[in-house]
Amino acid sequence: MTNDACPVWVLGGGGVAGIAWEVGLLAGLADEGVTVTPDAVLLGTSAGAVVGAQVASGTPVAELYERQHQGVAHETATGLGFSDLLRLARAQLFTRGPEHAARRIGRLALAATIHDPSQHRRIAEARLPDHTWKEADLRIVTVDAESGRSRIITRHDGVPLVDAVAASCAMPLSAAPVSIDGHRHMDGGMRSTLNLDLAPGNGPVVALAPSTAAIGPWARIGRQRAALGSDRRVELLLPDRASRRARGRNVMDRSVVPALVAAARDQGRHEASRVAAALSAASLP
């Protein structure tokens, strides 16, 4: 394969539950022999940035699974309250595009008072089995809170891995934006929870989407899928009924993680045949 034809794994955002679901799904796929190959691109947003960095570290997926299945005491147990969610929703009204929406959300993020700003970085550190960039082609999506422009950070940019992951997970009003190269960066999900349209090259895409929430029409998965072209093989995986039931309504609820990661592993086993078919078919001459 050429670099452009390498498989791309797009890992979307979805809070603490999103991390558990993606790890469980990858474990189930691996049980059936479907793995992220060394030549693959890992494009991660928010929770997906965490999982991408975990996989890129070379830590066996079975070990990542056990870390989740044993519980994640390092995670916070609460999400945004109703009033904060309403403020974010209002900021998205009547926006003209992703950068306009992100700038408005960014103003809220920059003005917010965070009780313990260092907590977010401590959580990012605890989530990662290794804090250094490896040779894997890991790409982490963040959003500049001032300009609203998205940025994809790689190992070539000189940004500490923990900073890149923390920035991609910096949910406005919950965590302070992270300073990178003199700019304040926030959750990559403020462009799109999946960022499927940013998948590079022309190789097959396997997209794990814990959430289908869209900030605006540009972030809808159907539109992003269309942007990749009808000839490109894309397999989109969403939580099945058992995973949704295990997840519940609060994606930041750490208590659901052991049951959710187990449900997702079962789902991964069932999904393995179609993912394998997509990857093998796309590699044929």
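The values are calculated or read from the model by the stated rules, or taken from the named source; none is laboratory data. Remember, it's a predicted structure, so these values are computed and weren't measured experimentally. Every residue, glycine among them, receives a Cβ derived from its backbone with ideal geometry; neighbour counts consider all protein chains shown. Quick note on the areas: whole protein, heavy atoms, side chains included, nothing else; ligands and nucleic acids left out. Shrake-Rupley method; radii C 1.70, N 1.55, O 1.52, S 1.80 Å.
Cβ-Cβ distances below 6 Å connect the following pairs, each with a first residue in the stretch 137-157 that is over 17 Å from Gly201 (Cα atoms), a second residue that is among the basic types (Lys, Arg) and part of a strand (DSSP E or B), and a separation of six or more residues or different chains: Thr142/Arg151; Ala145/Arg184. Among residues of the stretch 118-134 being assigned to a helix (DSSP H, G or I) and not charged (D, E, K, R), the one that is surrounded by the most Cβ atoms within 10 Å (Cβ to Cβ) is Ala124. Scanning the stretch 135-181 for residues that are assigned to a loop (DSSP other than H, G, I, E, B), open to solvent by 60 Å² or more (accessible area, probe 1.4 Å) and not small (Gly, Ala, Ser) gives Glu135, Glu146, Arg149, Pro160, Asp181.
Quick check: anything in the stretch 182-199 surrounded by fewer than 17 Cβ atoms within 10 Å (Cβ to Cβ), touching a Gly at 6+ places or on another chain (Cβ under 9 Å) and in contact (Cβ under 8 Å) with a residue 24 or more places away in the chain? No; the residues of the stretch 182-199 include none that is surrounded by fewer than 17 Cβ atoms within 10 Å (Cβ to Cβ), touching a Gly at 6+ places or on another chain (Cβ under 9 Å) and in contact (Cβ under 8 Å) with a residue 24 or more places away in the chain.
Which one is farthest from Gln68 (Cα to Cα), of the residues in the stretch 235-257 that are among the aliphatic types (A, V, I, L, M) and not in a loop (DSSP other than H, G, I, E, B)? Once the filter is applied, the top-ranked residue is Leu236.
Determine, yes or no, whether Thr193 is in contact with a Lys or Arg (Cβ under 9 Å, 6 or more places away or on another chain) and in a loop (DSSP other than H, G, I, E, B). The answer is no for Thr193. Looking only at residues of the stretch 227-260 that are in contact with a helix residue (DSSP H, G or I) (Cβ under 9 Å, 6 or more places away or on another chain) and small (Gly, Ala, Ser), we find that the one that is nearest to Val8 (Cα to Cα) is Ala227. Across the stretch 224-234, the number of residues qualifying as open to solvent by less than 60 Å² (accessible area, probe 1.4 Å) and either assigned to a loop (DSSP other than H, G, I, E, B) or closer than 15 Å to Thr212 by Cα (or both) comes to 4. Of all residues in the stretch 108-117, those satisfying the criterion of being loosely packed, with under 15 Cβ neighbours inside 10 Å and either part of a helix (DSSP H, G or I) or touching a Cys at 6+ places or on another chain (Cβ under 7 Å) (or both) are Leu110, Ala111. Take Ala246 and tell me if it is aliphatic (A, V, I, L, M) and either open to solvent by less than 10 Å² (accessible area, probe 1.4 Å) or within 30 Å of Glu75 (Cα to Cα) (or both). Taking the combined requirement at face value, the residue satisfies it. For the stretch 173-182, the criterion of being at pLDDT 95 or above, over 23 Å from Gln92 (Cβ atoms) and touching a Phe, Trp or Tyr at 6+ places or on another chain (Cβ under 7 Å) is met by no residue.
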